[in-house]
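Okay, so here's the structure we're looking at.
The values are calculated or read from the model by the stated rules, or taken from the named source; none is laboratory data. Just so we're clear, the structure is a prediction, and the values are computed from it rather than from any experiment. Neighbour counts are summed over all protein chains in view; Cβ atoms, including those assigned to glycine, are modelled from backbone coordinates with ideal geometry. Keep in mind that these areas ignore ligands, DNA and RNA; they rest on the heavy atoms of the full protein, side chains included. Shrake-Rupley method; radii C 1.70, N 1.55, O 1.52, S 1.80 Å.
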Amino acid sequence: MGKINIGVQGFTMPMPQTILGCRQGGRSNFMALAWTTRVNYNPALIMASVGKKHFSNSAIKESGEFSINIPSSDMIEITDFVGLVSGSQLDKSELFTIHEGTLENAPIIAECPMGLECKVIDSMELPNDTLFVGEVIATWCNEEVLSEGIPDVKKVDPFTLTMPDNRYWTVGECIGRAWHEGKKLK
């Protein structure tokens, strides 16, 4: 069985599907965002890659704040919708119930099981996107998704995006424990 070069867009690794929240001119805006990842432990930093043409890009640049909301799989339709319509064309502020956290311009979606408030500490301009690095100021969780004070992935029920097939996937079964399974090979 040989390897075949399929080009540069073979990103089949699942990406966490989130809803980015921001605020511009006092109006909350939301967009579907899968290009996000944790980039540092302490301080807790998260990276969000937002297209330069997106309404949210200018809002984040103006305020220096954003939220990363984790929708559950039953929110697939509304999550996909906020990724299809630009905040410059549609006021998406009434689509969700807003939980006001500690930051003025990082609206948390009450319907999402989890939401992270982030303050931009750095950014990098790429050809089509801006990489925003945000320090997590607070993580808001719905009580029912916690087990012993920790978010339970089965209760949160997040979903992922794969590209280039552009499909959503739910999270599967636990198959082991990190920093544990490999110990037997030591």
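Only one of these conditions is not met by Phe55: (1) more than 18 Å from Ser123 (Cβ to Cβ); (2) modelled with pLDDT under 95. Which number is it?
Phe55 satisfies all of (1) more than 18 Å from Ser123 (Cβ to Cβ); (2) modelled with pLDDT under 95 except (1).
Tell me, yes or no, whether region 131-153 has at least one residue that is in a loop (DSSP other than H, G, I, E, B) and β-branched (Val, Ile, Thr).
For region 131-153, residues in a loop (DSSP other than H, G, I, E, B) and β-branched (Val, Ile, Thr): absent.
Cβ-Cβ below 9 Å, separation at least six or inter-chain, first residue in region 141-155 and without any contact (Cβ under 8 Å) to a residue 40 or more places away in the chain, second among the polar types (S, T, N, Q) and not in a loop (DSSP other than H, G, I, E, B): which pairs?
Pro151/Thr139; Lys154/Ser147
State whether one or more residues within region 101-123 are under 29 Å from Arg167 (Cβ atoms), in contact (Cβ under 8 Å) with a residue 60 or more places away in the chain and of a type in the set (D, E, K, R).
No, every residue in region 101-123 fails to be under 29 Å from Arg167 (Cβ atoms), in contact (Cβ under 8 Å) with a residue 60 or more places away in the chain and of a type in the set (D, E, K, R).
Six or more apart or on different chains, Cβ under 6 Å: which pairs go from a residue in region 157-186 that's over 24 Å from Glu111 (Cα atoms) to one that's modelled with pLDDT under 95 and not in a strand (DSSP E or B)? Could you list them?
Within 6 Å, the pairs are Met163/Phe11; Pro164/Gln9.
If you go through region 58-92 one residue at a time, how many are crowded, with 16+ Cβ neighbours inside 10 Å and within 22 Å of Glu135 (Cβ to Cβ)?
Total satisfying the criteria: 12.
Could you tell me whether region 164-173 includes any residue that is open to solvent by less than 30 Å² (accessible area, probe 1.4 Å), part of a loop (DSSP other than H, G, I, E, B) and in contact with a Pro (Cβ under 9 Å, 6 or more places away or on another chain)?
Among the residues of region 164-173, not one is open to solvent by less than 30 Å² (accessible area, probe 1.4 Å), part of a loop (DSSP other than H, G, I, E, B) and in contact with a Pro (Cβ under 9 Å, 6 or more places away or on another chain), which makes the answer no.
Just to be sure before I move on: is Phe55 of a type in the set (A, V, I, L, M, F, W, C), open to solvent by less than 60 Å² (accessible area, probe 1.4 Å), within 13 Å of the chain's Cα centre (by Cα) and farther than 15 Å from Pro158 by Cβ in the structure I sent?
So Phe55 does not fit the description; no.
Which condition number does Leu95 fail, the rest of (1) in contact (Cβ under 8 Å) with a residue 12 or more places away in the chain; (2) hydrophobic (A, V, I, L, M, F, W, C); (3) open to solvent by less than 60 Å² (accessible area, probe 1.4 Å) being met?
Here Leu95 meets the rest and fails (3).
Mind listing whichever residues of region 146-163 are open to solvent by 80 Å² or more (accessible area, probe 1.4 Å) and touching a helix residue (DSSP H, G or I) at 6+ places or on another chain (Cβ under 7 Å)?
Within region 146-163, just Lys155 meets the criteria.
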